[in-house]
Amino acid sequence: MKIRIYPDEILLQPCEEIDEITADIKKFIDKMITFANKLDNCIGLAANQVGRSLRVFIVRSPRAVDFKVFINPEIISRKDIGRSIEGCLSEPGDVYSIRRSKTIKVRYCDIDGNEHVESFFKLASYIFQHELDHINGVLMRTKKKAKKLDQKTLTWR
Ligand SMILES: [Zn+2]
């Protein structure tokens, strides 16, 4: 497994819905988790970042030890606007300030196919939205209302 880097085409296309969580897909998700655990400071990873166009990503919430799996995730409601400062493994070295919803309510399936509805706030919400952008084929550089920051000084560029 290796990280796909912009301008790799797979990062710029919406991923496909998972109709059935097959043994092959479970194995792939396990590999993603093993891979992400080996990376420094990886808090989220989307399937297309490691070469498969599937609607699944994993997130390690702030303070959590283990990655959580989100299959066919969607936002069902959102509230309040904030800005988050973000980097991305697929856009190495770049830092952006991005306009995002502070609070989101989401629906997704876990690895066993059980549906969940859950709310996220601030950082956890921003990470979810970043990963959701990935599986929609959107990167920080192609995101509307994203501002690139100078990494050295973190001032507006
Ligand atoms: Zn990313």
Stretch gain in nm, segment K31-R63, where the contour uses 0.36 nm per residue and the Cα spacing is subtracted | 9.3 nm
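What trypsin sites (Lys or Arg not before Pro) in the stretch 25-65 are in a loop by DSSP, with at most 13 other Cβ atoms within 10 Å of the Cβ?
Loop-located and lightly packed - R63.
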The answer for chymotrypsin sites (Phe, Trp or Tyr not before Pro) in the stretch 79-154 that fall in a DSSP coil and have at most 14 neighbouring Cβ atoms within 10 Å is none
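To two decimal places, what compactness ratio does the stretch 9-156 give when its Cα radius of gyration is scaled by 2.2 N^0.38 Å?
Details: Rg = 14.8 Å, N = 148, 2.2 N^0.38 = 14.7 Å.
Normalised by 2.2 N^0.38 Å, the Cα Rg of the stretch 9-156 equals 1.01.
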Highest-fluctuation residue, D30, D112, D94 considered, GNM on the chain with Cα pairs under 10 Å = D112
MRE, 222 nm, helices only [DSSP H, n ≥ 4, -39500 (n - 2.57), over the chain, to nearest 500] | -6500 deg cm²/dmol
So what's the net charge close to T34: Lys and Arg +1, Asp and Glu -1, counting the other residues with Cβ under 14 Å from its Cβ?
-> +4
Got a sec to turn the phi values of the stretch 133-139 into Karplus ³J(HN,Hα) couplings, 6.51 cos²θ - 1.76 cosθ + 1.60 with θ = phi - 60°, whole Hz, x for Gly and Pro?
-> 4, 3, 6, 8, x, 10, 9
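Any read-out appearing in this document is the output of simple, stated calculations on the displayed coordinates, not a laboratory observation. Worth saying up front: this structure is predicted, and the values here are computed from it rather than measured. Neighbour counts are summed over all protein chains in view; Cβ atoms, including those assigned to glycine, are modelled from backbone coordinates with ideal geometry.
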